[in-house]
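The values are calculated or read from the model by the stated rules, or taken from the named source; none is laboratory data. Because the structure is a prediction, the values reported are computed rather than measured. Please note: Cβ atoms are built from the backbone with ideal geometry, for glycine as well, and neighbour counts cover all protein chains shown. The area values use the complete protein model at the heavy-atom level, side chains included, leaving out ligands, DNA and RNA. Shrake-Rupley method; radii C 1.70, N 1.55, O 1.52, S 1.80 Å.
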Amino acid sequence: MGADYWPVDDRGAGSIWGHGCPVRADPNMPVVFTRDDALAAGMSRHQIAHRVRTLGWRALRRGVYIQARRYSALSVREQHTAAVVATLISRPEDVVASHLSAAVAYGWVLPLAGAGPVTITQGDLDAPTRHGPNLTLQVASLPASDVRTISVCVAGTRWQLPTTSQARTVADTLRHLSNPDGVALADSALRGGKVFYDEVAAVLRRQSSWPYAENARRALPLVDPRRESWLESYSFVTLHRMGLPMPEPQVSLFDTRGHFVARVDGWLESEAVALESDGKGKYFLDEPRLSVDVDSAAEELLDRAKRRIMQEKERRDRIADLGAELARWGTREIVRSPREVLARIAGARQRGDGERFRGRTAYLPAPGWLLPARTRAG
């Protein structure tokens, strides 16, 4: 059998290879490729149609494909990036990846629901805005200062992707997302150290008359890159909108002898209440890989969970020994039942008393835009 052919599928008739006949192997092409790429590589129109019809190829856009087996092996982020690449290949006009599609390219945290459809922005203000299940086309001015070309990777292949700048991307998402999700994304972006608050604020000033500008105006002062996860940012902004004072993030607690006790996600100083958001995988961090053997793996998982539960109980007891209260919640609770979380915190605040707290605290330096500025003594 020649090297240009796949082996006959042993399932015979009815398989994706046809009725027991060998199918020519795909020629060497990019991970994301066009119909013209396939034709130029020597494939016939019939062979292209056959692969699309039998789901050997996945159509990312009309006339733009990826092998189905390669697509299924990609992470969710890479799948979205592949769809962005396909979208830009298929559109000759001057468009750039934007909003959550740009956020994916920059590697920032995303809303719990993911990036959604591919989003691009076109600078031709006479073009119509379009919203579909797989593509959102925004129409807005695109000054050169708001556009970048960045390198993205799909299945080990590098692509040069035109996208909105980091500051423009943060500004756009602060306008379009809910405040909790927009702030969580902005926290992630600023935490990376390559985009700054003043840059985002400058873009939003230019966008003051744009749709949803008021949404961004409310969100921007809440941005705080000291928070370390989507769940922390989403939780604190959600609870703040419901009336909770904004907690100080990532506060270290020490006992009276100066020994470290814990670092808590949030801290309400006046009542000495520690706040903890427990994300997925809380009890399985920094552990070795599971055994391949199923029974051993199940036992190992149980042991891990027991160890983590005991560690968390001991940690909670040490915090309580300082005279502090502790309230905690998970992703499901803050997304589905935020009022229950708020009530739990309210109970801890009623029990708490800053005068009863016997420990010491150390705060991370607060960003300058969080007013009134406060100087903390460790």
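Note on N134 and A68: the model spin-label points, each 7 Å out from Cα along the C-beta direction, lie 1.5 nm apart. Protein-only accessible surface at a 1.4 angstrom probe places the residues S165, S72 in the order S72, S165, largest first.
Estimated at 0.36 nm per residue, the fully extended path between D126 and D321 surpasses their Cα-Cα distance by 63.7 nm. Here r is the Cβ-Cβ distance between D278 and N215 and R0 is 25 Å; the resulting FRET efficiency, rounded to 0.05, is 0.30.
List residues of segment 128-152, by number, whose backbone nitrogen lies under 18 Å from a label position 7 Å along Cα→C-beta of R206. In segment 128-152, the label zone of R206 (backbone N under 18 Å from the point 7 Å along Cα→Cβ) covers 138-150.
For A262, the amide hydrogen comes within under 5 Å of the amide hydrogens of L253, counting only partners 5 or more places away or on other chains and with H modelled in the peptide plane. A 1.4 Å probe over all protein chains sorts W57, W230 by accessible area into W230, W57, starting with the largest.
Ranked from the most accessible area to the least, with a 1.4 Å probe and all protein chains present, what is the order of S141, S101?
S141, S101
Between K313 and A346, the simple label model (points 7 Å from Cα in the Cβ direction) yields a spacing of 3.1 nm. The H on the amide N of T119, modeled in the peptide plane, is under 5 Å from the matching H of S98, S101, T136, each at least 5 residues off or on a different chain.
Solvent-accessible area of D26, all protein chains in place: 40 Å² (probe radius 1.4 Å, heavy atoms, ligands and nucleic acids excluded).
Mind listing the phi-derived Karplus ³J(HN,Hα) values for segment 246-251, rounded to whole Hz, using 6.51, -1.76 and 1.60 with θ = phi - 60°, and x for any glycine or proline? Couplings: 5, x, 6, x, 6, 9 Hz.
Report the residues of segment 96-113 in range of a label on T157: point 7 Å along Cα→C-beta, backbone N strictly under 19 Å from it. Answer for this model: 97, 105. Database remark: amide H of V139 closer than 5 angstrom to the amide H of Q122 (H placed geometrically; neighbours at sequence offset of 5 or more, or on other chains; Pro and chain starts carry no H).
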